[in-house]
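Take a look at the structure below.
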Amino acid sequence: VVLRKRREIPKRPAQKRIAAVIPARNEVAVIGNLVASLLRQDYPRELFDVYVVPNNCTDDTPEAARRAGAKLLTVKGPIHAKGDVLRGAFEQLAGQYDAYCVFDADNLVDAKFFQSVNDALLAGFHVAQGFRDSKNPYDSWVSGSMSAFYWFMSRCYNESRARLGMSCHLNGTGFMVSDEAVRTVGWNTHSLTEDLEFTALCALKGYKVGYMPGARIYDEQTSRFWDSCVQRRRWTAGSLQCMRRYVPALLKKRTLPALDMAMLFLGNLMCVIGLMPAIGTAWGLMPFFISQPWRIALLVGFGGLYYLGCFALGMMLSCVASMP
């Protein structure tokens, strides 16, 4: 078996004008650190700006962002989700920059991020995802699991697609979208998962999402189990919203990126359908003399072992994820 080498994006001189766009709601504790990391980019200062977009804040986030050196944008109208903030920001900045990079307020950004964006734009990509790393993988088993998940997404999901010449997927933060793509596709997201929804819109419009392994961001993962459950519920609800809204159009499009996105949205449904016969088979294979409470306990135990196995594999990937 011959493995394909990574398709490196060629390094090019800095040319593109870039705007960092940061939606922020009550982020006074972290916004200054993110802005500082963006202002330390190894990229010509005259070619980029940093914008913070405060929304529904009840703390001193706007002033903290201004003190750190960011410019402020004010989005008018009701704001119900992150997608509303981004749509308003892109409308105000339209035509002023070649591309926009979206970050969460608690991120830290590697100094080579904007240079990687410049290279991706000059290589012909209009949308691309960076490497989403973690700030706190060892805080708890929850943050460790989340860190492993994003290492998987970068190394095993997006990178594998990039090597095969397929379209990658956006991960919510640490991505870039060109001014042309914003104008053509429009940031018309309505679900709770605006990253997946915009990836689907790109597939419908024929834009392939690239992958920028050199554009690394560090995201803060939740450390508490209940917070993680709330986060999962929101993601699942958003994915189901996208499934209902976009799967028919994606299947009708009949392109590889569109079919890939349709399969992703149908994944939640297929997990439930596939789990039922697996549970039934495991239940039926147990000896008849095992009582019902013990059968349930064994199923839970095997599920826990499966999770721990996945977690151990993810921890092994931490060594790979730390490599440049």
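Considering only residues of the stretch 215-253 that are open to solvent by 30 Å² or more (accessible area, probe 1.4 Å) and closer than 22 Å to Ala128 by Cα, which is modelled with the lowest pLDDT?
Trp235
Only one of these conditions is not met by Glu46: (1) without any contact (Cβ under 8 Å) to a residue 24 or more places away in the chain; (2) acidic (Asp, Glu); (3) within 29 Å of Asn188 (Cα to Cα). Which number is it?
Here Glu46 clears every test but (3).
Residues in the stretch 184-241 that are touching a Leu at 6+ places or on another chain (Cβ under 8 Å) and either assigned to a helix (DSSP H, G or I) or free of Cβ contacts under 8 Å to residues at least 12 places away in the same chain (or both): how many?
Count: 15.
Quick check on my filter: what residues within the stretch 69-87 are within 23 Å of the chain's Cα centre (by Cα) and over 15 Å from Cys57 (Cβ atoms)?
Those that are within 23 Å of the chain's Cα centre (by Cα) and over 15 Å from Cys57 (Cβ atoms): His80, Ala81, Gly83, Leu86, Arg87.
Residue check, Leu86 against (1) free of Cβ contacts under 8 Å to residues at least 12 places away in the same chain; (2) buried (at least 18 other Cβ atoms within 10 Å of the Cβ), all met but one. Which one?
(1)
State all residues of the stretch 113-148 that are at pLDDT below 95, assigned to a helix (DSSP H, G or I) and not hydrophobic (A, V, I, L, M, F, W, C); if no residue qualifies, say none.
Ser143, Gly144, Ser145, Ser147 - these are the residues of the stretch 113-148 that are at pLDDT below 95, assigned to a helix (DSSP H, G or I) and not hydrophobic (A, V, I, L, M, F, W, C).
Can you give me the number of residues within the stretch 27-54 that are surrounded by 20 or more Cβ atoms within 10 Å (Cβ to Cβ), in contact with a strand residue (DSSP E or B) (Cβ under 8 Å, 6 or more places away or on another chain) and of a type outside the set (Ser, Thr, Tyr)?
So the count comes out to 10.
Exactly one of (1) assigned to a strand (DSSP E or B); (2) surrounded by fewer than 19 Cβ atoms within 10 Å (Cβ to Cβ); (3) not hydroxyl-bearing (Ser, Thr, Tyr) is unmet by Cys57. Its number?
Every condition holds for Cys57 apart from (1).
For the stretch 157-168, does any single residue satisfy the condition of being within 25 Å of Ile31 (Cβ to Cβ) and either at pLDDT below 90 or not in a loop (DSSP other than H, G, I, E, B) (or both)?
no
Ala105: in contact with an Asp or Glu (Cβ under 8 Å, 6 or more places away or on another chain) and open to solvent by less than 60 Å² (accessible area, probe 1.4 Å), yes or no? Even if it seems obvious, please write down each step before you answer.
Values: in contact with an Asp or Glu (Cβ under 8 Å, 6 or more places away or on another chain): yes; open to solvent by less than 60 Å² (accessible area, probe 1.4 Å): yes.
Considered against the rule, which asks whether it is in contact with an Asp or Glu (Cβ under 8 Å, 6 or more places away or on another chain) and open to solvent by less than 60 Å² (accessible area, probe 1.4 Å), Ala105 comes out as yes.
The values are calculated or read from the model by the stated rules, or taken from the named source; none is laboratory data. These numbers come from a predicted model, not from an experiment. All Cβ positions, glycine included, derive from the backbone under ideal geometry; neighbour counts span all protein chains shown. When the accessible area is computed, the model is the full protein with side chains, heavy atoms only, and any ligands, DNA or RNA have been set aside. Shrake-Rupley method; radii C 1.70, N 1.55, O 1.52, S 1.80 Å.
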